[in-house]
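Notes to accompany the following structure.
The values are calculated or read from the model by the stated rules, or taken from the named source; none is laboratory data. Keep in mind it's a predicted model, so treat the numbers as computed, not measured. In this analysis, Cβ positions are derived from the backbone assuming ideal geometry, glycine residues included, and neighbour counts consider all displayed protein chains.
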Amino acid sequence: MTQELIWLGIQYLSMQSHLLPHSAALSLGGSLGRMVFSLNKDKSSKAIIRCSKFLGCSLEVAREVVAKSYINLGRSVVEFLNLAKIGKKIDEIVSVHDIENLNDALACGRGVILLTAHLGNWELAAAYLGIKDYPMRAIGAEQRDARITKLITDIRASCGVETIGKGFDLRGAIKCLQEGNILGVLLDQDAKDKGIIAPFLGQPASTPYGPVKLAMKMRSPIVPLFIVRRKDNIHHDLYFLPSLEERVKDFFDRPIEENVRLCNDILSEWISRHPEQWLWLYPRWASTLGDR
């Protein structure tokens, strides 16, 4: 699938999502997600094998999980492209749970790192906070196509979410926390030879440790956040968990390897609860187990 086709597809989805009622647009996004799953057999097959291996289920179950994952991704793309419309009724679409965990962490005055994964519609979670006037910042969304990168950055900005640098921009992240802002990070990516090896869904995975190291150095709270799509496919539940320093009293002073493992354990738990909403198409264990 060429970059030009992807770009044309995004433009088509963007146009339709603005013209159609929200529920119809989501149905279109889900249908396109299923179509990509069916047509892109190479990536779909690898994702099914990956899901079966690391979720510990049969290939038949894995196929259903991965198909639903693609459908969820299609719906999430439509929601992201249509955030200008969704933002006006965000409280009707997103139900928030335990946001006091975030508020308490912000009150410390050292900024907050929001820990999450490619689960549900993670961009909608960031957008919710931006729309509600929280000082929300997100790590750079560098894509192969510069047009898509700009589109993501612009849509985020329209919801009050500022994009920081490319990848994990250390200088930008430090400035963000020093100013008492929120920094959202996705830790479920293969860090290759630059990560710490820690179990992820029970198997060793190279894990980015920059955000954890920064939090420990600046003593900034890490608050896990997860957004999950409901069965009606329209509404979402947004959960804020207690900060990691509340879970582990010596969090800032113990070995970083233990903290990275804790982060992975939390992500793994939520992915295991909602496997059909995680991004199985991504080779999470590529550098440790040859998962490509």
Members of the stretch 81-101 found to be crowded, with 16+ Cβ neighbours inside 10 Å and in contact with a Ser or Thr (Cβ under 9 Å, 6 or more places away or on another chain), listed by number:
L81, N82, L83, G87, N101
Does P283 satisfy the condition of being surrounded by fewer than 22 Cβ atoms within 10 Å (Cβ to Cβ) and under 28 Å from T163 (Cα atoms)?
yes
Among the residues that make up the stretch 15-26, is at least one of them touching a residue at least 40 places away in the same chain (Cβ under 8 Å) and under 24 Å from A117 (Cα atoms)?
yes
Within the stretch 229-271, track down each residue that is surrounded by fewer than 19 Cβ atoms within 10 Å (Cβ to Cβ) and among the aliphatic types (A, V, I, L, M).
I234, V248, I256
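Could you tell me whether V228 is touching a strand residue (DSSP E or B) at 6+ places or on another chain (Cβ under 8 Å) and either modelled with pLDDT of 95 or more or of a type in the set (A, V, I, L, M, F, W, C) (or both)? Give the derivation first.
Numbers: touching a strand residue (DSSP E or B) at 6+ places or on another chain (Cβ under 8 Å): yes; either modelled with pLDDT of 95 or more or of a type in the set (A, V, I, L, M, F, W, C) (or both): yes.
The answer is yes for V228.
Find the strands (runs of 3 or more DSSP E) located wholly in the stretch 143-200 whose residues include 3 or more that are under 18 Å from S287 (Cα atoms) and in contact with a strand residue (DSSP E or B) (Cβ under 9 Å, 6 or more places away or on another chain), and list them.
Working: elements: 162-164, 182-186, 196-200.
Qualifying strands (runs of 3 or more DSSP E): 196-200.
Answer with yes or no whether L39 is farther than 23 Å from W285 by Cα and either crowded, with 16+ Cβ neighbours inside 10 Å or not acidic (D, E) (or both). Working first, answer last.
On the way: farther than 23 Å from W285 by Cα: yes; either crowded, with 16+ Cβ neighbours inside 10 Å or not acidic (D, E) (or both): yes.
Here the answer is yes, as L39 does meet what is asked.
May I ask you to say which residue of K213, K217 is among the charged types (D, E, K, R) and touching a residue at least 24 places away in the same chain (Cβ under 8 Å)?
Numbers: K217 fails: touching a residue at least 24 places away in the same chain (Cβ under 8 Å).
One residue alone meets the criteria, K213.
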Counted residues in the stretch 59-70 being of a type in the set (V, I, T) and surrounded by 23 or more Cβ atoms within 10 Å (Cβ to Cβ) come to 1
When the stretch 10-23 is checked residue by residue, the ones that are closer than 25 Å to D232 by Cα and assigned to a helix (DSSP H, G or I) are I10, Y12, L13, S14, M15, Q16, S17, H18, L19, H22, S23
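Per-residue answers, yes or no, for (1) surrounded by 13 or more Cβ atoms within 10 Å (Cβ to Cβ); (2) under 21 Å from the mean Cα position of the chain (by Cα); (3) of a type in the set (S, T, N, Q); (4) part of a helix (DSSP H, G or I):
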position	(1), (2), (3), (4)
A25	yes, no, no, yes
G30	yes, yes, no, yes
G33	yes, yes, no, yes
K43	yes, yes, no, yes
S52	yes, no, yes, yes
C57	yes, no, no, no
Members of the stretch 1-14 that are farther than 24 Å from D291 by Cβ and either without any contact (Cβ under 8 Å) to a residue 24 or more places away in the chain or surrounded by fewer than 19 Cβ atoms within 10 Å (Cβ to Cβ) (or both)
T2, Q3, E4, L5, W7, L8, G9, I10, Q11, Y12, S14
In the stretch 194-214, is there at least one residue being surrounded by fewer than 22 Cβ atoms within 10 Å (Cβ to Cβ) and within 15 Å of the chain's Cα centre (by Cα)?
no
